[in-house]
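One structure is given here, and the rest of the page talks about it.
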Amino acid sequence: MTSGPSRPLRWRPLAVLLLGSGAAMAFVAVLTRNPTPLFLALPLLLAPVAAALTGPRSAPPVRLSLSVEGAAAEVRVQGEVVPDPTVDARNLVVEVRCPPSLLEPRPPRLEYTTSEVGFHADWTAPEPTIAEIPVPSVLWRDPMGVVERGTISSAAPVVVSRYPPELLRIGSVRLERTTPLPGETHSRTVGESGEFHGIRLARPGDHPRQINWRATARAGRTLANEYDLDKTGDLLILLDARPTPLGRTVDERLFSISRAAALGLSESFLRVKSRVGVGVFGEFLDVVPLSTGRTQRIRIESAFKGAHLSSVHAPAERCAVSARRHFPPGLTTVVFSSLSDETSEDLSPYLRRRGFPAVVVSPSPLPLVAAASHLSGEDEAIANRIAKLVRRDRIAQAWEDSPAIDWDDYWSLGKFVEFVRRPRVRGVG
Amino acid sequence: MSAPATPSGVRAVRPVSLALLLAAAAALGYLSGYPGRLGPVVAVAGVVLAAALRATPWRTVAAYAPVPALAVLVLEAVASPVGLGVELIAGASGVAFLLWLADDPARPVGGSLRSLPTVAVPGLALGIAWSSAFFLPSGSVPLGVAGGLLALTVALVAFLVGRPQFFDREEA
């Protein structure tokens, strides 16, 4: 718990009602020379002041724990709020807010005791997503609901990522190497992120955490640990964040789905010590350079959390030129693009020309468009059929430049996983 | 762990504080100057409407529940004749209204008990005021003193409402 910003006492609308009514009655009593309204006014005038005086005189500290459980579409949020012993937990008002990308079928359940408040919320992710669950707002409010005051907690928001479960094991696929000497390479990360290899003389530039202090004491010379990292290869994940004719709403949802899958993909490969780089192409290419380890995971997660759809449609060549500047050629590249118009199809040819063998994973807009359709019956069936034919044609055109996977079931990336696991099919690309 | 604080559907009504408010409002209505039985009927109707608004599952509607209850109390107090019994009942109905406010069904049970330290302050002030009115002789001087104290109280309340940070205590 930290001493955060000041949280002053706030009067609630009920306080204004009580004080206004009390003052009005006091004046009526004086005007009519009738003390009866004055006796009714007295409790109403004094109650807000008494509530402010009997409550905590500064923002009460609370210990707040927040955790997320569940798998796939299920998001179970739970936690507890434990206030300072001087504060009755039943006077706390806890508000758990659902992020916009998740659905809240029923309001959260709150369980009160005198010492803590437990909360449970069952939310649903309608499609793969990365969502930040904000820290629940906790207010102290007097039992009458006249005054309230914010509390102080040091809890941090929790990021929940939901992506197709097939991505959890895709990291075992061996990627093309882009480093000149295959085999064991020195770990670039500080600490025990790789296999222990041996002890060597410390060099200038070694991190203090790498120094083996016991060995140094025994030998009388500064010695450092050396770790080796067996890497399977490198991967570049590119997200197409350019707008399409589908409209902002559908584009946003498809981009959100792509972000979640890209995060799942990067996590899976980082888990097996591969180097992963990320690029988000909107108007320009925002990159996270190739690296591995836990820090890289956090970097990539932050990049995806902060990524947003561009409002400008930039030329695909800009992406390829920029990618060539930041990443070595020959890198296995996975492009997430909706391929919903001709201009979004030109990303992979330009990348290929610049030396990036790309695989396009294309989240299909059809399920989203069909859900928003106002058609019904036979008209709907015909419209769906035509849309599928157009989509199939577009995927076939994209295949001419690079392998393209049509991703229409958002909770399954089986087709993509099957593709990267089968070398014969991969050879086709 | 106790029962959920925000149950779905219609919220539970806490009967004790509601009965207290109903009785106090009906008594004030009976003693008020309205003809026939209009006073108690209006009082009961207002309190029942307030309780019904509060029991609705919609938060925005429930937030307006205190208005009808307060409105009938004001209407009856304004129309009441001068008398020590009426004054006592008017003050008691104000305290009962505060207790009813504390028994919000959207919050954990036992609100009225938890609010006793708060409600005790206006209750005590009411007791002193009524005792003064009962025991002290009436006249223009006590009335002037009472009027001066009232003006001072209103000014003090206005000052405190405008400066909520007055209630903050600096951490050591």
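Throughout, read-outs are computed from the coordinates displayed, never taken from laboratory work. The model shown is predicted, which means the values in this text are computed figures rather than measured ones. Methodologically, a virtual Cβ is constructed for each residue, glycine included, from the backbone with ideal geometry; neighbour enumeration extends over all protein chains shown.
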Test item: B:111-117 mean partner chain Cβ contacts at 10 Å
5
Taking the Cβ of B:Leu28 as the centre, find all other residues whose Cβ is under 13 Å away and add up their charges (Lys, Arg: +1; Asp, Glu: -1).
-2
Run the numbers on the stretch A:10-54 and let me know its relative contact order in percent, using alpha-carbon pairs under 8 Å that are six or more apart.
41 percent
Evaluate the charge dipole of the stretch B:15-167 about its Cα centre and quote only its size in Debye, nearest 20, assuming +1 on the Cβ of each Lys and Arg and -1 on the Cβ of each Asp and Glu.
300 debye
One point scatterer per Cα, no solvent, Debye formula: log10 I(q)/I(0) for chain A at q = 0.14 Å⁻¹ comes out as -1.21
Per-residue mean of other chain beta-carbon atoms within 10 angstrom of the beta-carbon, peptide A:287-294?
0
Express as a percent, rounded to the nearest 5, the fraction of DSSP beta bridges in the protein assembly as shown (both residues included) that run antiparallel.
70 percent
Just to be sure I understand: with springs between alpha-carbon atoms less than 10 Å apart, which residue in A:Leu246, A:Leu238, A:Leu167 has the highest mean-square fluctuation in the Gaussian network model of chain A?
A:Leu246
Can you put A:Glu400, A:Glu127 in order, fewest other beta carbons within 10 Å first?
A:Glu400, A:Glu127
Shielding by partners, peptide B:156-167 (average Cβ within 10 angstrom, other chains):
5
Can you tell which of A:Pro164, A:Pro48, A:Pro13 shows the greatest fluctuation in a Gaussian network model of chain A with Cα springs below 10 Å?
A:Pro13
Amide H to amide H under 5 Å from A:Ile133: which residues, 5+ apart in sequence or cross-chain, H placed 1.01 Å off N in plane?
A:Val158, A:Val159, A:Val160
Would you tally the net charge around A:Cys98, using a Cβ to Cβ cut-off of less than 13 Å, leaving A:Cys98 out, and scoring K and R as +1, D and E as -1?
-1
Order of A:Trp411, A:Trp213 from fewest to most other C-beta atoms within 10 Å?
A:Trp213, A:Trp411
Long-range HN-HN contacts of A:Val361 with modeled amide H, under 5 Å
A:Val335, A:Phe336, A:Ser337, A:Ile405
Return the sequence-ordered ³J(HN,Hα) values of the stretch B:36-45 in whole Hz as given by the Karplus equation 6.51 cos²θ - 1.76 cosθ + 1.60 applied to θ = phi - 60°, using x for Gly and Pro.
x, 9, 4, x, x, 5, 4, 4, 5, 4
7 Å from Cα along Cα→Cβ at both A:Ala372 and A:Ile211: what's the point-to-point distance in nm?
6.0 nm
Kyte-Doolittle mean at least 0.0 and Cα axial length at least 15 Å: DSSP H helices in chain A:
A:13-32, A:36-54, A:248-271
Take A:Lys305, A:Lys273 and order them by how many other Cβ atoms sit within 10 Å, fewest up front.
A:Lys305, A:Lys273
So what J values fall out for the stretch A:122-139 if you push phi through Karplus, 6.51 cos²θ - 1.76 cosθ + 1.60 with θ = phi - 60°, rounded to Hz, Gly and Pro as x?
10, 10, 10, 9, x, 8, x, 7, 10, 10, 9, 8, x, 5, x, 7, 10, 10
Hypothetical label at A:Thr114: residues of the stretch A:122-144 whose amide nitrogen lies under 20 Å (7 Å Cα-Cβ projection)
A:140-144
What ³J(HN,Hα) values, in whole Hz, does the Karplus curve 6.51 cos²θ - 1.76 cosθ + 1.60 give for the stretch B:50-60 when θ = phi - 60°, with x put for Gly and Pro?
4, 5, 5, 4, 5, 7, 5, x, 8, 4, 5
Hey, what's the Cα Rg ratio for the stretch A:10-54 versus the globular rule of thumb, 2.2 N^0.38 Å?
1.19
How much length is gained on full extension from A:Glu400 to A:Arg63, taking 0.36 nm per residue of separation minus their Cα-Cα distance?
115.6 nm
Size of charge dipole - the protein assembly as shown - debye, nearest 20, with Cβ of Lys, Arg +1 and Asp, Glu -1, no other charges
1200 debye
In straight Cα distance, which aspartates and glutamates are under 16 Å from A:Lys273, not counting same-chain residues fewer than 8 positions off?
A:Glu176, A:Glu184, A:Glu192, A:Glu195, A:Asp228, A:Asp230, A:Asp234
So for the pair A:Asp408, A:Ala23, with labels modelled 7 Å out along Cα→Cβ, what separation do we get in nm?
6.7 nm
